[in-house]
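The values are calculated or read from the model by the stated rules, or taken from the named source; none is laboratory data. All of these numbers come straight from a predicted model, not from anything done at the bench. FYI the Cβ positions are ideal-geometry reconstructions off the backbone, even for glycines, and counts take in every protein chain you see. In case anyone asks, the SASA skips ligands and DNA or RNA and just uses the protein heavy atoms, side chains included. Shrake-Rupley method; radii C 1.70, N 1.55, O 1.52, S 1.80 Å.
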Amino acid sequence: MHLRTYLSSRAHNEAWIKGGYMRVDNLDFVKPGFLEGVMKYASITIGLDEFNYGDARFRRTDNARGIFNPFVGNYLMDAFSTEAFGELTVQKNGLLAVVGLTNGKLNQNVTVNDNTDNKPSFYGKLGFDKQLNEDFRVRLTGSWYINNGTSTGTWLYGGDRAGTRYYNVLYTLPDANGVAEGGPRDGRFNARFTKLTALQINPFIKFKGLEFFGIYELADGSNEFTAPQADTEGAFTQIAAEVLYRFGADERFYLGGRYNTVSGKMRESASENLDISRINFGGGWFISKNVLTKVEYMKQQYEGNAWTGRFAGAEFSGVVVEAVISF
């Protein structure tokens, strides 16, 4: 059994439970040796926690988990949510398969209204992961997430609670009515589609100290509650490439770069795409296995004429320094 607690963050400055789960690796409690041949390769996980969609989740910052992210911010379309879920994982000879179901809800309320349909989310992953020799590891996975509801499934790219680390970068001054826009999640993009279908493909290669990780992701769905137009279907594509070189004793140091883009339309009738690009250059030092310091230069741009409001022509850049303690 596992339980994880957030101590605090700039988005939530109080302690609260992130989630927890129970993992079963054998069924001997049913009967000694029950399905032993199957459970030799399988595990069953049930809980209310982060579920296994995509491989970018293993490299993202989530409070202390920033020690797994070589850069400061997460990806532009940041797939992460904590939902009530159950999943089956099978692994053998480098092959892996995951199939699971969530209730599609970040917040576990039971409020019912005219729009409530409470459709579940179906997700899974297929892949290959193997250390081919002492110096060379390869991994390739494809993940999917499907929710056909109108009041569930909207959290896949909006479930983060800790913030983007680029806090308030696009915060606006109050207007004539005293209204300001922006917040701790500035810098990421969430279309908040309902009836969402998402697919993420992730290659990973590590040869000695040289490391590559990539994302090709498609997300399409409906925005019928935010767009009064007849055509409510939209779609976005995310592409990311990250190259690192780790060096020194036990690879305690690294240098690298990341390029990330998102492009698409909120409505299929839109004449132009909404485009975002971000570039990161930086490095880090593992002072110990529990302490990481990072420094990076980053630049993010919102391109094209399709953006309106505070995003029209917006961009931000600068040097960011971060220290992570994880235990």
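State in Å² the accessible area per residue of the chain; use a 1.4 Å probe, count heavy atoms of protein chains only, and round to the nearest integer.
Accessible area per residue: 50 Å².
Using r as the Cβ-Cβ distance of PHE136 and TYR259, and R0 as 22 Å, what FRET efficiency do you calculate, to the nearest 0.05?
0.35
Multiplying the sequence separation of PHE34 and ASP275 by 0.36 nm and subtracting their Cα-Cα distance, what value in nm do you get?
81.5 nm
Out of VAL321, ASN305, ALA79, whose Cα points farthest toward the positive end of the dipole of the chain (charges: +1 Lys, Arg; -1 Asp, Glu; placed on Cβ)?
Going by the charge dipole, the pick is VAL321.
Label points 7 Å out from Cα along the Cβ direction at TYR171 and VAL110: separation in nm?
Simple spin-label model gives 3.9 nm for this pair.
Determine the dipole magnitude for region 2-65: charges of +1 sit on the beta-carbon of Lys and Arg, -1 on that of Asp and Glu, nothing else is charged, the reference point is the Cα centre, and the result goes in debye to the nearest 20.
220 debye
Express in % the proportion of alpha carbon pairs of the chain at distances exceeding 24 Å.
60 percent
Residues with beta-carbon under 9 Å from that of ALA11, excluding ALA11: net charge, scoring Lys, Arg +1 and Asp, Glu -1?
Here the count lands on +2.
Once you've got the GNM for the chain with C-alpha springs shorter than 10 Å, pick whichever of ASN26, ASN103, ASN74 has the biggest mean-square fluctuation.
ASN26
Could you work out how far the C-alpha centroid of region 56-114 sits from that of region 124-179, in angstrom?
8 Å
Sorted by mean Cβ packing within 10 Å, highest first, what order do the peptides 317-326, 176-185, 51-60 take?
Those peptides, ordered most packed to least, come out 51-60, 317-326, 176-185.
Give a residue-ordered list of calculated ³J(HN,Hα) values for region 232-239 (Karplus: 6.51 cos²θ - 1.76 cosθ + 1.60, θ = phi - 60°; whole Hz; x for Gly, Pro).
10, 7, x, 7, 9, 10, 10, 10
On full extension of the chain, what length is gained from LEU88 through THR5, given 0.36 nm per residue of separation minus the C-alpha to C-alpha distance?
Gain in length upon complete extension: 27.5 nm.
Expressed in nm to one decimal, what extension gain is obtained for the pair ASP250 and LYS289 from 0.36 nm per residue of sequence separation less their Cα-Cα distance?
Separation in residues times 0.36 nm, less the Cα-Cα distance, equals 13.0 nm.
What is the sum of charges, Lys and Arg at +1 and Asp and Glu at -1, for the other residues whose Cβ falls under 13 Å from the Cβ of ALA97?
Net charge around ALA97: 0.
If Lys and Arg each add +1 and Asp and Glu each add -1, what is the summed charge of the other residues whose beta carbon sits under 10 Å from the beta carbon of GLU181?
Every neighbour counted, the sum reads -1.
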